[in-house]
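**Student:** The following block contains the structure, expressed as structure tokens.
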Amino acid sequence: GQTDVHIADLLLGFFKFYGQKFDWHKDAVDVARNGKHNSVSAVLRISDPVEAGVDLAGPYLNIRRNLRFRGEMRRAARMLQRGAAWEVFKRRGERSGCYEEEQL
């Protein structure tokens, strides 16, 4: 239905933003401050909206995981742009865009 189209558009926008537009070296995700704020870091930072100064992503993301995560955001955006069905995201086949192929 029409709702599905809007959800797909939102999901595509999310993946495109974090995979292509978001500056992972300069910005941090911060829902308490209009979505982002400046942060100098080599990996994605997600500010805790309840406890100031706490990075929710810090314990989980190292540089390697960060690169893979960003690559997966890009891959998901490409797949949605091509009209891939949700079931495709659950499979472990296609991996173009993963960190292995985008090493610096």
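The values are calculated or read from the model by the stated rules, or taken from the named source; none is laboratory data. Here the structure is a predicted model, which means the values were calculated and not measured. With ideal geometry, Cβ positions are generated from the backbone for all residues, glycine too; neighbour counts draw on all protein chains shown. Side chains are part of the model used for accessible areas, which takes the heavy atoms of the whole protein and leaves out ligands, DNA and RNA. Shrake-Rupley method; radii C 1.70, N 1.55, O 1.52, S 1.80 Å.
**Student:** Taking into account only those residues within the range 9-36 that are within 16 Å of the chain's Cα centre (by Cα) and at pLDDT below 75, which is most open to solvent (accessible area, probe 1.4 Å)?
**Tutor:** Once the filter is applied, the top-ranked residue is 36.
Let's see how each residue does on (1) open to solvent by 40 Å² or more (accessible area, probe 1.4 Å); (2) within 15 Å of the chain's Cα centre (by Cα); (3) among the aromatic types (Phe, Trp, Tyr):
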| position | (1), (2), (3) |
| --- | --- |
| 39 | no, no, no |
| 42 | yes, yes, no |
| 55 | no, no, no |
| 70 | yes, yes, no |
| 80 | no, yes, no |
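**Student:** Give just the number: which of (1) touching a helix residue (DSSP H, G or I) at 6+ places or on another chain (Cβ under 7 Å); (2) at pLDDT 85 or above does residue 59 not satisfy?
**Tutor:** Evaluating residue 59 over (1) touching a helix residue (DSSP H, G or I) at 6+ places or on another chain (Cβ under 7 Å); (2) at pLDDT 85 or above leaves (1) as the failure.
**Student:** For residue 101, indicate whether it is modelled with pLDDT under 60, more than 13 Å from the chain's Cα centre (by Cα) and exposed (fewer than 12 other Cβ atoms within 10 Å of the Cβ).
**Tutor:** Yes.
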